Amino acid sequence: MPSKLSTLSLIERYQFILESMSEGVYGLDNQGLATFVNPAAESITGWKSDDLIGKSIHGFHHHSHADGSHYPQCDCPIYQCLQDGVTRTKENEVFWRKDGTHFSVEYSATPIIVDNQIHGAVVVFKNISERKRIEDNLKQALTENRFLKEKLQAQNHYLQEEIDSTFQSEIIGQSEPIDHLKEQIALAAPTQANILVFGESGTGKELVARAIHEQSQHSQHAMVKLNCGAIPQGLVDSELFGHEKGAFTGAIQRRIGRFELAHNGTLFLDEISELPMDAQVKLLRVLQEGEFERVGGTHTIKVNVRIIAASNKDLKQAVDKGLFRMDLYYRLNVFAISVPPLRERKSDLPLLINGFAQKAFKTMGKPYQGLHMPSLKWASHYNWPGNIRELQNWVEHSAILHQSGLFHLIPMQFTDHAHSSHLSQTVKPTPLHQAEAEHIKSALRYCNGRISGDKGAAKLLELPASTLRSRMKKLGIFP
C-alpha cells in the first residue's frame, strides 16, 4: 500500500516535510514578507501563521536586542541575506514571543536564488535557551573554579612563607608589663573590634597580633600580613585589593589582594602610618562597608575581615599634622594595646635569651646544654634600644661563636662605635685577628682583667689559661 507521502505532489511533499520539522521555519519573499510559517515556528514564538503571512516578521519577533534596545531591520542578518544573497547564521541573538518574553535563538537565513535572482529566503531557527543556560553555568563554574584555584594558590604560597619564616609564636615573659599585655590580648581577642597595636620598633607587635588572631574566632583562617611601609606607593591598592588583568602596565594576570586572602580571617597592617592618603580613603570604605573592587575591576567583592593595625609612631600626632585621616584613626583605634619596650621588662631577659638560644642552636645544628646565668649580668645593665629584635640578633651572634659547654651571652661594648660594629650590616667587617683581639679584650674587661680561675676570662671563653695567654701574646694584648 503506497504511503501518504508518495501520493503527494512534489510541492505538497516539500511542504509536508517543512511542516513536520521540529525547528521553526519561515518562508520570505524578496521583500522580506512572510509567505510560509510552519507549526513549530508557531509553537516556539506564539505567533500564528495568520499573524505573520504577508508581513515583515522582523517587527514581530526580532525588533529588539536582549537588553531591550532597538534592533533596526537594516542591521538584521535575515534581511541582509535578501540584499546580497549570502547565507547568514547567528546564535547570539534573541527572538521575541507574542507574550513579550524572549528566548535565545540559533537561526540561519538562506537565500532562494533562481536565474541569478534573489526571490526570497528560508529562515530556520530553534530555541537554544537551555543550551545557553548550561553554557553560562559551565562558564561561571569554570570562572569560579579558576578563581578558587588562584585564591588557593595564593593562600598556599602565603602560608608557605609563614611556615618558612622564623616567626616566634609565643609571647615569652613573666614580668608585670607582659602579664598586663596578655590580659589586654585576652580581653580584645574574642571581640570583632579592630585593634591598634603600638610600641617601639622591635618590641614584637606582630607577635601580639598573632596572639590576638589565635585567640579569636578567626583562628581557623589565615592571618595575612602587609607592611604598609615596604611597598611602592603606586602598588598599595593592588596589594590591598588585588587587580584585574590589564589594569595597568605589567598587570599580565589577575592578582588576588590581601583583603581577599584574609576573608574570614585577620589582616595585619604593619606600619599603618606609612599608608598613603588615597589608600587610607579606600581602606576606610572597606572598614565601613565590608566591600571593595579590584584595581581595574567593576565587580564588588564583599569580605569579612578583622583588622589589626600596628605602628611605632604616634598616630594621634600624625592626625594632628594632617598626615593620617582622623576618621580612619578612630575606626582602627577601637581598642589599643601598648607593647612594652625591653628596657621595661628586663626581668624577662633570662627566659628570652634561653628561648632564642634554643632556637638558634637548633637552626645551626648545635647541641644546646643550657644557659650560663652569670654571663647575663651585663645584659640587665644595657637598655636594648633595638628591643627584642636586637636581643635575638645578639643571641644568634653569640650562638655562632659558641663551641661547647653552657651557652655564654657574649658581652656587648656599650659605646656607640662598638654597638654599630657588632650590629650594623653596612660596616665593613674587620680582619679575623682584630675581631678575635676585640673579643678577648671584651672578656677581660668583663672579668676585670683576670685571666685564670673560676671568674677568669679563660673559663668564660672556655679556653685553657695557657692557651689564652698564648693568644694574647700573639695578638699583642696585655692585661
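Assorted remarks:
- With a threshold of 23 Å on the Cα-Cα distance, the over-threshold entries among K48/K132; K205/K225; K225/K302; K55/K126; K377/K441; K90/K132 are K48/K132.
- Put simply, when 70-76, 395-401 are sorted by average Cβ atoms within 10 angstrom per residue, most first, you get 395-401, 70-76.
- Couplings 3J(HN,Hα) of region 364-373, computed from phi: 7, x, 9, x, 9, 9, x, 9, 7, 4 Hz, in residue order, whole Hz [Karplus 6.51 cos²θ - 1.76 cosθ + 1.60, θ = phi - 60°; x for Gly and Pro].
- The portion of the accessible surface of region 195-277 made up by carbon and sulfur, rounded to a whole percent, is 46 (1.4 Å probe; DNA, RNA and ligands excluded).
- At a probe radius of 1.4 angstrom, the accessible area of the chain per residue rounds to 55 square angstrom.
- Helical mean residue ellipticity (222 nm; -39500 (n - 2.57) per DSSP H run of 4+; nearest 500) of the chain: -12500 deg cm²/dmol
- The amide H of E106, built 1.01 Å from its N in the peptide plane, has K126, I128 as neighbours under 5 Å, considering only residues 5 or more places off or on other chains.
The values are calculated or read from the model by the stated rules, or taken from the named source; none is laboratory data. Remember, predicted model here, so these are calculated numbers, not experimental data. When we count neighbours, we look across all protein chains shown, and the Cβ atoms used for this are built from the backbone with ideal geometry, even at glycine. Note: areas computed on protein heavy atoms with side chains; ligands, DNA, RNA excluded. Shrake-Rupley method; radii C 1.70, N 1.55, O 1.52, S 1.80 Å.
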